[in-house]
Structure formats: C-alpha cells, structure tokens
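Visitor: What follows is a single structure, and I will ask about it in a moment.
The values are calculated or read from the model by the stated rules, or taken from the named source; none is laboratory data. Values in this document were obtained by computation on a predicted structure and should not be read as measured data. Neighbour counts are summed over all protein chains in view; Cβ atoms, including those assigned to glycine, are modelled from backbone coordinates with ideal geometry. Side chains included, ligands, DNA and RNA excluded: accessible areas come from the protein's heavy atoms. Shrake-Rupley method; radii C 1.70, N 1.55, O 1.52, S 1.80 Å.
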Amino acid sequence: MPELTLRQAAAYCGGRVDEKYADCKICGANNDTRLIQPGQLFIVLQGARDGHDFIPMAMDRGAGAALCSRRVGDYPAIYVDDPRTALGRIARETLKAMAPKVVAVTGSVGKSTTKEMIASVLETKYRTAKTPANHNNDIGMPMAILGMAADTQAAVLEMGMNHFREIAYLSDIARPQVGVIINVGTAHLEFLGSRAGIRRAKMEITEGMAPEGTLLLNGDNDMLAALEERPVQSLHYFGCGENAAVRGSHVVQTEGRLAFDITAGGTSFPVELALEGEHFVSDALAAAAVGLALGLSAEEIQRGLRAFRNISGRQETYRAGEYTIINDCYNAGPESMAASLQVLGTKKARRLAVLGDMLELGDYAPAAHEKVGRLAAKNADLLFAFGPHAADMLAGAEAEGMTACQAFDSRQALAAALRAAALPGDVLLFKASHGMHLEQVIGAFLKQDR
C-alpha cells in the first residue's frame, strides 16, 4: 500500500487522531504483536484478552500507530468505535485509491488453490498481489489489502465465510470487477442449513460488484448451473459441459501432470499443470476464464498455468525417506475428501489413508464421515481415522468390506500406529480439516522414522 498519514487513515474510517500525531505515517497492518513489522498499523481487537493491553508491546516492536477504541498511553493512534469495521473502511478506500483490477474468489472447496492459480496466470501480464495463506475473512482480507504494493495492477482476493452476510461485507470492501464462484458444496452446513443456503451466501459476492462487473461460475456444479435469476448482467460459465463459455476437454492425467484443452470464443489451446487430480480442471478453467476476462492471451494463460505450484498442505506430494507423502491437511470437506481419495486410489504402491474429521457439518457429519469411510475402502489399503467421527469412518469402511482400519483419539497414538504399520514404498495421504492439525502427525511420524 502507499504510505498513509494517520490523518488520511482517520478520514477513511471516520476516526479521531491527536493533532500532534496526525502526520505520522503507517504502511500495512497487523493484529498480532508477534508478527508486527515496523511502521504497520496495529489493529486492536477483542479476543480472549483485550487487545488494548498489547498496544505498548506493539509500539515497542515498531508499530507505526494503533487502531483502537480508547486511549492507552501517549502513542500515535486512530480512535474509532469499532476497530474491525474501521479496518475494513481503511482497506476499501486504500484499494480504491490504488485502483487495481480486483478479482474476488469464493467457493466451498478449492478457493485457495483457485486464488493461487488465478494469481499465477495474471502475473504473466500484471503486477499481481493476492491474499496470503488463509487471509480470507473480515480481518485477514483487509490486512492483506493494506500489505499490497502501491503499484499493484491486479489484486486476487479470497473470500471465506461460515455465516450469512460475511461475503457481502468482504465484497463491499473489495468492489471486485470480476467475481468467481468455483462450487457450492456442503462445507458450513452447520451454520447455513442447506446447500441452497450456502449458494445464497456465496452469491453475496455480487453485492459489491459494479453493474459492469463480470461473474464467473462453475457450470459443472449443479447448484450454480441451476440459477433461477441472473444476479449481474455479465455472467459466464466455465466447466467441461456444453453450457460453458470457457470449456475444458480431452483431459489427460499422468503421474504428476494434468493436461487438457481449453475452448473459448471459437479458439482452442492446450494447457498443462504439474498436478494430480482431475478435480483441478475446474480451478484451472476458472483461472483461464479470469485471464480471458482481463485481456490475457492464450499464451499468457498457458504460461501461468504451467508455472503454477500449489501452496503447502494443499495436496502437496513429496518423497520423505522411503515413503511418499500426500499432505492435504490444510482443510477438508466431503467433496475435497472424495477428490483426494480418488488421487490416492491411482497410486500403484500400498496406500494408507490417514483421515481426520471434517468440521462444521452439523447434523450431516455422521453420514458424511460414513461416506468418506466407504470411499477410503475403495481407494486405500489401510485406513487410520482420527477424531470424534473416526467411528463413523470405520463404519463406512467396514460396510464396504475393509478390515484394515483403525480409529484414534490422540495424535500421538496415531503417529505410533503409522510408524508400526508403514512399509518402504508406501504412499500416505493425510487429509482433514485444519483444526484437526494432522500436520503434527506427519511431523511426528517422519521425525521418529528417521
């Protein structure tokens, strides 16, 4: 972001600032004193502890000022009623002043991967910034905006949610020129009630879009293909079906390589990615559709997809000693569980599925985990299930005739069982919602094995 004076930032959010500090400058924002960088605006939030207690520490570590609701010492500060909404307003006005092309991405499964693919494509033509890691909520996304370089030409913003009106809030901050919804699945059923409710929440992405904005939807997703009305004038589908304006075909999956053709606007061109799993086709088509909407050539799209590498913990496949590890611990839902297990099922070696709970499924959780167990039985040789719904996974696996399956309620016991069972040459898939922290099991398993 360009440097802002406290006077400018206060004007953006309707805050108050002491005149003697009005010309102090800030660049970027952070709400964590452990990560604060010199010159950043320290965002004071109410958590388990009152964030105001951390203002002296943040200033000692180089913060340029605090965004807070009451005075704590004699420090540069912007005083507001609600720091969270003030942060959003500062981010919105800063992004407006920077004036990049803004792409917003949401969906039940795969939005982080799609965000990364879109950025990889746009980087071939524009100076591109993106939300890092899981900075996709009402705090993370505005902080990501305030961390972008002043000369950013394209901003790719991931938008997550688990309640209604959360994406509407983010869309109002971002004001995207292009909105992308990659799918409507079953994640967050606990709070949204039904897939129709999830679709309604995802469609809030259009609320901050200008009338001339472009909405791109996955035509292969049943809930998105069956829209009853057009929320914006310019709506286009991507997918492998006949209704897609950006269509994929001739998909070929080999070891470590995914290739297919893209047809759009009467032209066709091949693309290739260093990925395994045909479920990545829709993500790549979304990235291509964004590229075409923003004026990229076929060659630029090809180059961007070819250069793409997935982020850590997103179906990250690597050799570790005598084993092949598929680390997909970043998050999980029924759809992504099925996709990862199908990838595991293609492996020629002995296959171990290490699966943890999928969170926020509400009353649907027992049936969803039982279904995952059935899929594991068809795609793995051994199942190691972890979490409160491990018994449901085992029930599904056993119903399909699988006997080599175990349930665990501690990571330590799970890692020990893996060390006892794993053989040289095995492929191990680790997949769960992030809150299950299966990455700790990977670390314990590999550390003890060395």
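Visitor: Counting only heavy atoms of protein chains, what accessible area per residue, in Å², does region 200-287 have with a probe of 1.4 Å? Don't skip to the end; give the middle numbers.
Guide: Working: 4040 Å² over 88 residues.
Dividing the accessible area of region 200-287 by its residue count gives 46 Å².
Visitor: Note down the accessible area of His369, probe 1.4 Å, to the nearest 10 Å².
Guide: Surface open to solvent at His369 totals about 0 Å².
Visitor: Of the residues Ser171, Ser282, Ser268, which exhibits the maximal mean-square fluctuation in a Gaussian network model of the chain defined by a 10 Å Cα contact cut-off?
Guide: Maximum fluctuation in the GNM of the chain, among the listed residues, is at Ser268.
Visitor: Let me ask something additional. Under 8 Å for C-alpha pairs, at least 6 residues apart: give me the relative contact order for the chain, rounded to a whole percent. Spell out each step's value before the answer.
Guide: Numbers: 1032 pairs, mean separation 49.3, N = 450.
With pairs under 8 Å counted, the relative contact order is 11 percent.
Visitor: Read through the labelled values (1) 162; (2) 226; (3) 150 and report the label of the one computed as volume of the Cα convex hull per residue in Å³ from the structure.
Guide: Step by step, volume of the Cα convex hull per residue in Å³ for this structure corresponds to label (3).
Visitor: So, one more: Between 0 and 90 degrees, rounded to the nearest ten: what's the tilt of helix 280-293 against the longest Cα principal axis of the chain?
Guide: Result, in degrees: 40.
Visitor: Moving on. Whole Å is fine, so just give me how far the alpha carbon centre of region 35-114 lies from that of region 392-443.
Guide: 39
Visitor: Taking Cα atoms, how many degrees apart are the long axis of helix 83-98 and the longest axis of the chain, rounded to 10 and kept between 0 and 90?
Guide: Here the helix axis deviates by roughly 90 degrees.
Visitor: Give, in whole angstrom and from largest to smallest, the semi-axes √(5λ) of the equivalent ellipsoid of region 282-402, with λ running over the eigenvalues of the Cα gyration tensor. Mind showing how you got there, number by number?
Guide: Values: eigenvalues 207, 67, 29 Å².
Working from the Cα gyration tensor, I get semi-axes of 32, 18, 12 Å.
Visitor: Okay, moving on. So if I place +1 on the C-beta of Lys and Arg and -1 on the C-beta of Asp and Glu, and nothing else carries charge, what would the dipole magnitude of the chain be about its Cα centre? I want it in debye, nearest 20. Kindly include the intermediate steps, with their values, before the conclusion.
Guide: Values: 45 positive and 52 negative charges, 147 e Å.
That gives the chain a dipole magnitude of about 700 debye.
Visitor: Separate question: Using a Gaussian network model of the chain whose springs link C-alpha atoms within less than 10 Å, name the residue from Glu272, Glu255, Glu335 with the highest mean-square fluctuation.
Guide: Looking only at Glu272, Glu255, Glu335, the largest GNM fluctuation is found for Glu255.
Visitor: With charges only on Cβ, +1 for K and R and -1 for D and E, what is the dipole size of region 1-120 about its Cα centre, in debye, rounded to 20?
Guide: Details: 16 positive and 13 negative charges, 78 e Å.
In total the dipole reaches around 380 debye.
Visitor: On the full set of protein chains, 1.4 Å probe, figure out the accessible area of Thr85 and give it in Å² to the nearest 10.
Guide: Surface accessible to solvent at Thr85 totals approximately 30 Å².
Visitor: Percent of accessible area on region 77-178 owned by carbon and sulfur, 1.4 Å probe? Before the final figure, lay out each step's value.
Guide: On the way: 1420 of 3200 Å².
That share works out to 45 percent.
Visitor: For helix 411-421, report the angle its Cα long axis makes with the longest principal axis of the Cα atoms of the chain; keep it between 0 and 90° and round to the nearest 10°.
Guide: 30
Visitor: Leaving out ligands and nucleic acids, and using a 1.4 Å probe, what accessible area per residue does region 8-115 come to in Å²? Could the numbers behind the result be given before it?
Guide: Working: 4690 Å² over 108 residues.
Ligands and nucleic acids excluded, the result is 43 Å² per residue.
Visitor: Let me ask something else. Just to be sure I understand: with springs between alpha-carbon atoms less than 10 Å apart, which residue in Ala65, Ala332, Ala399 has the highest mean-square fluctuation in the Gaussian network model of the chain?
Guide: Ala399
Visitor: Ok, one more. Tell me, what is the percent relative contact order of region 301-450, built from C-alpha pairs under 8 Å that lie six or more residues apart? Provide the component values of the computation, followed by the final result.
Guide: Details: 295 pairs, mean separation 46.3, N = 150.
Once normalised by length, the contact order is 31 percent.
Visitor: Let me ask you something else. Normalising by the residue count of region 97-186, find the relative contact order in percent from Cα pairs under 8 Å and 6+ residues apart. Let's see the in-between values first.
Guide: Values: 150 pairs, mean separation 42.8, N = 90.
Relative contact order for region 97-186 comes out at 48 percent.
Visitor: Now for a different question. Which order do Ser120, Ser69 take by accessible area at a 1.4 Å probe, largest first? Provide the component values of the computation, followed by the final result.
Guide: Numbers: Ser120 15, Ser69 55 Å².
Largest accessible area first, the list is Ser69, Ser120.
Visitor: Calculate the dipole size of region 235-334 relative to its Cα centre from +1 charges on Lys and Arg beta carbons and -1 charges on Asp and Glu beta carbons; express the result in debye to the nearest 20. Mind showing how you got there, number by number?
Guide: Values: 7 positive and 12 negative charges, 39 e Å.
The dipole magnitude comes to about 180 debye.
Visitor: Which order do Arg303, Arg127 take by accessible area at a 1.4 Å probe, largest first?
Guide: Details: Arg303 95, Arg127 120 Å².
Of Arg303, Arg127, the descending order of accessible area is Arg127, Arg303.
Visitor: Then there's this: Hey, what number do you get for the chain at 222 nm if only DSSP H runs of n ≥ 4 count, each worth -39500 (n - 2.57), divided across all residues, to the nearest 500?
Guide: Details: 16 runs with 158 residues, N = 450.
After summing the helix terms and dividing by residue count, I get -10500 deg cm²/dmol.
Visitor: Pull up the DSSP beta bridges for the chain and report the antiparallel fraction as a percent, rounded to 5. Don't jump to the answer; show the numbers that get you there.
Guide: Details: 23 of 73 bridges.
The antiparallel proportion sits near 30 percent.
Visitor: Please list, ordered by chain and number, the residues whose modelled amide H lies under 5 Å from the amide H of Ala77; skip anything fewer than 5 residues away on the same chain.
Guide: Counting only residues 5 or more places away or on other chains, the set is Asp18, Ala66.
Visitor: Do any trypsin sites (Lys or Arg not before Pro) in region 330-398 lie in a loop, going by DSSP, with at most 11 other beta-carbon atoms within 10 Å of their beta carbon, and if so which? Numbers along the way, then the final one.
Guide: Numbers: sites: Lys347, Lys348, Arg350, Arg351, Lys371, Arg374, Lys378; in loops: Lys347, Lys348, Arg350.
Of the trypsin sites (Lys or Arg not before Pro), the ones in loops of region 330-398 whose Cβ has at most 11 other Cβ atoms within 10 Å are Lys348.
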